[in-house]
Amino acid sequence: MKKHHHFETAVIHEGYEAKDILGSLTTPLFQTSTFTFETAEQGEKRFAGEEDGYIYSRLGNPTVSALEKRMAALENGERALAFASGMAAVSAILIALTKADDHILCSSGLYGCTFGLLTMMEEKYRITHDFSDMRTKEEVRACIKENTACIYVETPINPTMKLVDLQMVAEVAKEYGIPVVVDNTFSSPYLQRPLELGCDVVVHSATKYIGGHGDVIAGIAVGSKDFLDQVAATTRKDIGGVIAPMDAWLLLRGLKTLPIRLDRHCDNAEKITQRLKNHAAVKHVYYPGDAEHPDYPLMAKQMKRGGGVISFEIDGTKEDAQALLNQLQFLKIAVSLGDAETLIEHPATMTHAVVPEHSRQKMGITDQLIRLSVGLEAWEDIWEDLEQALDRLVKKRSDKIVSVGEK
Ligand SMILES: *Cc1c(COP(=O)(O)O)cnc(C)c1O
């Protein structure tokens, strides 16, 4: 098949040829659990791998294959695998890369359930892990042990929006022959392509920007054909976290507008960042697309733009943070991100509640921190709702000062 060179074309065409399937413009939904063989001998050949073709949808399905081909092209990898959730992808990859008594080196912030998975792997299989800010090559080298089986990086780091230099980490990992796995959920391949920077495996919660419409839970892994062939034949097949055909179909549909959506998410996030920075109720704003963010030069080096997620700290208490959320008129209080709707959440009590208090403090997840997934609405409307809720906080504070003064 012809390789589509521009990203905006590949999201629409890659991995599917209409002429192969009765001219259907969109990828058909193969809602089937199994595939029939014409003869017993054909079944034997399929199982022996001597003949191409489908067997059973846990092993492969044409709608899922189309999605996998498209995602491999978009991340510039050799092969992609789709999973039932982001966590199914993360766990299949980490289990494939490690054995009992190994060590995993992680970036200093991780998605809450990835943290939970690592804790379980330590308790059950003595697979230990360490966290590193990974600011310099020396810092990364110092954390690599004899039994380090892989380096696992999230960037931007959820929810503090710090970045890790992927090319630098990949260069150090090469010295030791250790694979680098990157959770690319926050950026999507439109904004950042870790494999092009020398990393080995990309994982996604496709639930977020890839689906983009808040109606699917799904995951993706992309990397070399050799490694993903092995994952397909072992951890995905035997643990069984495969994506449903309908969900693969929804992701193919969502992907077509990925670049358009992401550009709008970024436009809106840039506008909202500037306004948050100038509001009296806000102490800090963390957005890598902001020229004053300490990692802005790194953003410009490895990402196309800053993405659609902003975190900010309010000047107040945990109760003030919760009051701010409760005061919103149409913005939705919800975890997840990357949807058309703007979503707002309180990491300390929601997405990162499973992280022990001392680790949370180290990761910069304070009670005052709020995470905003900026949606596709008009930015003026998003800001109007945020502003009235923030104004209320400022007013409450000045009322308090007055009442203290009156005593
Ligand atoms: C949501 C998320 C996950 C987990 O994905 P699910 O699809 O919910 O299983 C993993 N990593 C990051 C960064 C996420 O935001």
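Restricting to the range 173-208, and then to whatever is touching a residue at least 60 places away in the same chain (Cβ under 8 Å) and among the charged types (D, E, K, R), can you tell me which residue is farthest from the ligand (Cβ to nearest atom)?
My answer is Glu196.
Given the residues Phe37, Phe47, Phe83, which is the only one that is under 30 Å from Ile127 (Cα atoms) and of a type outside the set (Lys, Arg)? Before the answer, list the steps.
Details: Phe37 fails: under 30 Å from Ile127 (Cα atoms); Phe47 fails: under 30 Å from Ile127 (Cα atoms).
Residue meeting the stated conditions: Phe83.
For every residue, the table says whether it meets (1) aliphatic (A, V, I, L, M); (2) modelled with pLDDT under 95; (3) in the same structural domain as Ser132 (by TED's automatic domain parsing); (4) surrounded by fewer than 11 Cβ atoms within 10 Å (Cβ to Cβ).
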site	(1), (2), (3), (4)
Met363	yes, yes, no, no
Gln368	no, no, no, no
Leu372	yes, no, no, no
Asp381	no, no, no, no
Glu384	no, no, no, no
Ala389	yes, no, no, no
Val394	yes, yes, no, no
Glu406	no, yes, no, yes
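Going through Asp165, Asp215, Asp226, Asp238 one at a time, which residue ends up being under 19 Å from Leu105 (Cα atoms) and surrounded by fewer than 24 Cβ atoms within 10 Å (Cβ to Cβ)? Talk me through it step by step, then tell me what you get.
Values: Asp215 fails: under 19 Å from Leu105 (Cα atoms); Asp226 fails: under 19 Å from Leu105 (Cα atoms); Asp238 fails: under 19 Å from Leu105 (Cα atoms).
Answer to the selection: Asp165.
Determine which member of the set Asp200, Asp229 is closer than 26 Å to Phe47 by Cα, modelled with pLDDT of 95 or more and of a type in the set (D, E, K, R).
Working: Asp200 fails: closer than 26 Å to Phe47 by Cα.
Being closer than 26 Å to Phe47 by Cα, modelled with pLDDT of 95 or more and of a type in the set (D, E, K, R) holds for just one of Asp200, Asp229, which is Asp229.
Is there any pair linking a residue in the range 65-80 that is in contact (Cβ under 8 Å) with a residue 40 or more places away in the chain and at positive phi to one that is of a type in the set (Asp, Glu) and assigned to a helix (DSSP H, G or I), with Cβ under 6 Å and at least six apart or on different chains, and which?
Asn76/Glu196
State yes or no: is Tyr152 at pLDDT 95 or above, more than 15 Å from the ligand (Cβ to nearest atom) and of a type in the set (Phe, Trp, Tyr)?
Details: at pLDDT 95 or above: yes; more than 15 Å from the ligand (Cβ to nearest atom): no; of a type in the set (Phe, Trp, Tyr): yes.
Spelling it out, it is not the case that Tyr152 is at pLDDT 95 or above, more than 15 Å from the ligand (Cβ to nearest atom) and of a type in the set (Phe, Trp, Tyr).
Is there a residue being of a type outside the set (A, V, I, L, M, F, W, C), over 24 Å from Ser311 (Cβ atoms) and in contact with a strand residue (DSSP E or B) (Cβ under 9 Å, 6 or more places away or on another chain) anywhere in the range 148-165?
Just the residues of the range 148-165 that are of a type outside the set (A, V, I, L, M, F, W, C), to begin with: 148, 152, 154-156, 158-160, 162, 165.
From what is left, the residues that are over 24 Å from Ser311 (Cβ atoms) are 148.
Filter once more, so that each one left must be in contact with a strand residue (DSSP E or B) (Cβ under 9 Å, 6 or more places away or on another chain): 148.
Yes, the range 148-165 contains at least one residue that is of a type outside the set (A, V, I, L, M, F, W, C), over 24 Å from Ser311 (Cβ atoms) and in contact with a strand residue (DSSP E or B) (Cβ under 9 Å, 6 or more places away or on another chain).
Within the range 294-341, work out how many residues are touching a residue at least 60 places away in the same chain (Cβ under 8 Å), in a loop (DSSP other than H, G, I, E, B) and among the hydroxyl-bearing types (Ser, Thr, Tyr).
Final tally of qualifying residues: 1.
Considering the range 84-118 alone, what residues qualify as being over 24 Å from Val335 (Cα atoms), surrounded by fewer than 21 Cβ atoms within 10 Å (Cβ to Cβ) and either within 16 Å of the ligand (Cβ to nearest atom) or among the acidic types (Asp, Glu) (or both)?
Ile95, Asp101, Asp102
Name the single residue, out of those in the range 172-188 being of a type in the set (Val, Ile, Thr) and part of a loop (DSSP other than H, G, I, E, B), that is surrounded by the fewest Cβ atoms within 10 Å (Cβ to Cβ). Write out each step before concluding.
In the first step, residues of the range 172-188 are kept if they are of a type in the set (Val, Ile, Thr); the result is 172, 178, 180-182, 185.
When the remaining residues are screened for being part of a loop (DSSP other than H, G, I, E, B), the result is 178, 185.
Working: Ile178: 20, Thr185: 27.
Across the range 172-188, the extreme among qualifying residues is Ile178.
I need the full set of residues from the range 1-27 which are over 23 Å from Tyr190 (Cβ atoms) and either not in a loop (DSSP other than H, G, I, E, B) or not assigned by TED's automatic domain parsing to the domain that holds Pro245 (or both), in order please.
Scanning the range 1-27 gives Ala18, Lys19, Asp20.
Condition test on Asp130, is it surrounded by fewer than 21 Cβ atoms within 10 Å (Cβ to Cβ), among the charged types (D, E, K, R) and in contact with a strand residue (DSSP E or B) (Cβ under 9 Å, 6 or more places away or on another chain)?
Numbers: surrounded by fewer than 21 Cβ atoms within 10 Å (Cβ to Cβ): yes; among the charged types (D, E, K, R): yes; in contact with a strand residue (DSSP E or B) (Cβ under 9 Å, 6 or more places away or on another chain): yes.
Considered against the rule, which asks whether it is surrounded by fewer than 21 Cβ atoms within 10 Å (Cβ to Cβ), among the charged types (D, E, K, R) and in contact with a strand residue (DSSP E or B) (Cβ under 9 Å, 6 or more places away or on another chain), Asp130 comes out as yes.
Determine which single condition Trp249 fails, assuming it passes every other condition in (1) over 30 Å from Glu146 (Cβ atoms); (2) under 18 Å from the mean Cα position of the chain (by Cα).
(2)
Among the candidates Gly240, Gly214, which residue alone is out of contact with any His (no Cβ under 7 Å at 6 or more places or on another chain) and within 13 Å of the ligand (Cβ to nearest atom)?
Every option except Gly214 fails the conditions.
Give the residues of the range 335-359 that are over 21 Å from Arg275 (Cβ atoms), more than 13 Å from the ligand (Cβ to nearest atom) and either crowded, with 19+ Cβ neighbours inside 10 Å or under 17 Å from the mean Cα position of the chain (by Cα) (or both), sorted by residue number.
Ala348, Val355
Given the criterion in contact with a strand residue (DSSP E or B) (Cβ under 9 Å, 6 or more places away or on another chain) and crowded, with 20+ Cβ neighbours inside 10 Å, identify the matching residue among Leu81, Leu59. Reasoning before the result, please.
Numbers: Leu59 fails: crowded, with 20+ Cβ neighbours inside 10 Å.
Testing whether each residue is in contact with a strand residue (DSSP E or B) (Cβ under 9 Å, 6 or more places away or on another chain) and crowded, with 20+ Cβ neighbours inside 10 Å leaves just Leu81.
Those residues that are surrounded by 14 or more Cβ atoms within 10 Å (Cβ to Cβ) and either touching a helix residue (DSSP H, G or I) at 6+ places or on another chain (Cβ under 6 Å) or not aliphatic (A, V, I, L, M) (or both), I need them from the range 284-300; list them, please.
So the first thing to find is which residues in the range 284-300 are surrounded by 14 or more Cβ atoms within 10 Å (Cβ to Cβ), and the list is 284-290, 293, 295-296, 298-300.
Listed by number, the residues that qualify are His284, Val285, Tyr286, Tyr287, Pro288, Gly289, Asp290, His293, Asp295, Tyr296.
Filter the range 301-319 down to the residues that are surrounded by fewer than 22 Cβ atoms within 10 Å (Cβ to Cβ) and under 18 Å from Val394 (Cβ atoms) and list them by number.
Correct list: Glu313, Asp315, Gly316, Thr317, Lys318, Glu319.
The values are calculated or read from the model by the stated rules, or taken from the named source; none is laboratory data. Just so we're clear, the structure is a prediction, and the values are computed from it rather than from any experiment. Neighbour counts run over all protein chains shown; Cβ positions are idealised from the backbone, glycine included.
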